[in-house]
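The values are calculated or read from the model by the stated rules, or taken from the named source; none is laboratory data. Every value quoted in this text rests on a predicted model; they were computed, and no experiment measured them. Reconstructed Cβ throughout: ideal geometry from the backbone, glycine too, with neighbour counts over all protein chains shown.
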Amino acid sequence: MDALSYRHGELFVEDVPLARIADAVGTPCYVYARNQLISAYRAFEAALAGQGLVCYAVKANSNLAILATFAGLGAGFDIVSAGELERVIAAGGDPHRVVFSGVGKTAAEIERALACGIKCFNVESAAELERLNALAGRAGQIAPVSLRVNPDVDAGTHPYIATGLKENKFGIALDEAAGLYGDAARYAHLRFVGVDCHIGSQLTDLRPFADALDRVLPLVGQLRAQGLPIGHIDVGGGLGIRYRDERPPSVAAYVGQVRERLLAHGLADLSLLLEPGRALVAAAGTLLARVEYLKSTDTKHFAIIDAGMNDLIRPALYGAFQAIQTVRDPGAAPGADYDVVGPVCESADVFGRGRHLHLQAGDLLVVRDAGAYGFVMSSQYNSRPRAAEVLVDGGRFAVVRARETLADLWRGESVPGREAV
């Protein structure tokens, strides 16, 4: 489904005109469509058909309203920090449905996750395994563990979001993982319950998924033959979306591919854990901004908007393409090719180059597919307060994160010899 549509000459998200949100909340702001979130989640849930758990990857968008929406649907959660765990709990999520990933878990983070009784620790190194065993022993607990195996598979995605090659920092090589599982008896305070594998993000081809499974699943069979009660395979997330001309597989095709590989390896009884992030939230979000100035040079037309790379860094960081359209329906009106840029003092502060748009100063624009890795990666660079976040539900909307004030920029700072500001 697409939550955005033109009606009566203006762009709506679900049943709310975006211009009404801009008038009430100001710009820039992030706008999320709740019903699109629900639809995306239910597609994964239907494909799983009760054979496992959808664990939303909190890093994609950690707003409490987003988390509460998924918690209300019975979702699990994939976290990478204690802060994300606390957000899940604050949003009403069940810590017993949480898996904890990430290469740098601190002792304090592990202790908190143990106290909450999370579902599983996805361990990424031998050193982490030793730390977890010691901390679980100190707490008088048996920690559930799966090792994140690095299959050395090229996911064919941007190098910054590829995680399954041997030169990446993530996971444990297959041979090393086999040795650690084989030495399970020496970890008295751990229970090896699964195997984990995640090869990257924004994947639009099923072949890397299949290649990774064909390398990892023989390890699962080997471990079971040795008597280890491996009950689940966590295949990570990474399923891509269409930003421009990509053709990602459907959720049903993706899960069907996983099931096909399980059947081929005689492991059809394994429970599946999926960790979608972008595929659940990206298309449900837009960044709403206003054109401040139109500027032309001998070679370019610029549309300077009030959102900057501090609000949405993906285009600057990854060279990512995200569609841009006007809130006012341009119809057949002639336009021009604009570089859509922000006010931040960096030449990288560009949302799109050569976009054909019909514009006037003061017009509203949306940057589409901004629900994932948008606000969560934003900053206060150039001392710019972070944007508001809004959740739309049918014909209603609510501010789910207030816009920061100028005073918020220096909250917690102080000048020695003076009272804290």
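Taking region 147-203 as the range and being in a loop (DSSP other than H, G, I, E, B), of a type in the set (Gly, Ala, Ser) and at pLDDT below 90 as the test, the residues that pass are Ala155, Gly156, Gly164, Gly171, Ser201.
With respect to the conditions (1) modelled with pLDDT of 95 or more; (2) surrounded by 14 or more Cβ atoms within 10 Å (Cβ to Cβ); (3) touching a His at 6+ places or on another chain (Cβ under 9 Å); (4) charged (D, E, K, R), Arg138 lacks only one, and its number is (2).
Let's see how each residue does on (1) closer than 16 Å to Gly371 by Cβ; (2) assigned to a helix (DSSP H, G or I); (3) touching a Lys or Arg at 6+ places or on another chain (Cβ under 7 Å); (4) touching a residue at least 24 places away in the same chain (Cβ under 8 Å):
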position: Asp2; (1), (2), (3), (4): yes, no, no, yes
position: Phe12; (1), (2), (3), (4): no, no, no, no
position: Val31; (1), (2), (3), (4): yes, no, no, yes
position: Asn35; (1), (2), (3), (4): yes, yes, no, yes
position: Arg42; (1), (2), (3), (4): no, yes, no, yes
position: Glu45; (1), (2), (3), (4): no, yes, no, yes
position: Leu53; (1), (2), (3), (4): no, no, yes, yes
position: Ser62; (1), (2), (3), (4): yes, no, yes, yes
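Criterion applied to Pro343, Pro315 was being surrounded by fewer than 18 Cβ atoms within 10 Å (Cβ to Cβ), assigned by TED's automatic domain parsing to the domain that holds Val13 and not β-branched (Val, Ile, Thr), and the one residue passing it is Pro343. Filter region 364-421 down to the residues that are crowded, with 17+ Cβ neighbours inside 10 Å and over 24 Å from the mean Cα position of the chain (by Cα) and list them by number. Hit for region 364-421 is Leu364, nothing else.
Looking across Asp205, Asp196, Asp214, one residue alone is within 23 Å of the chain's Cα centre (by Cα), surrounded by fewer than 21 Cβ atoms within 10 Å (Cβ to Cβ) and touching a residue at least 40 places away in the same chain (Cβ under 8 Å). It is Asp205.
Which numbered condition trips up Gly335, out of (1) under 25 Å from Ala65 (Cβ atoms); (2) small (Gly, Ala, Ser); (3) surrounded by fewer than 19 Cβ atoms within 10 Å (Cβ to Cβ)? So the condition that Gly335 fails would be (1).
Find the strands (runs of 3 or more DSSP E) located wholly in region 253-353 whose residues include 3 or more that are in contact (Cβ under 8 Å) with a residue 24 or more places away in the chain and on the phi > 0 side of the Ramachandran plot, and list them.
none
Flag not set for Ser39, criterion: of a type outside the set (Val, Ile, Thr), buried (at least 18 other Cβ atoms within 10 Å of the Cβ) and either under 26 Å from His232 (Cα atoms) or not assigned by TED's automatic domain parsing to the domain that holds Gly374 (or both).
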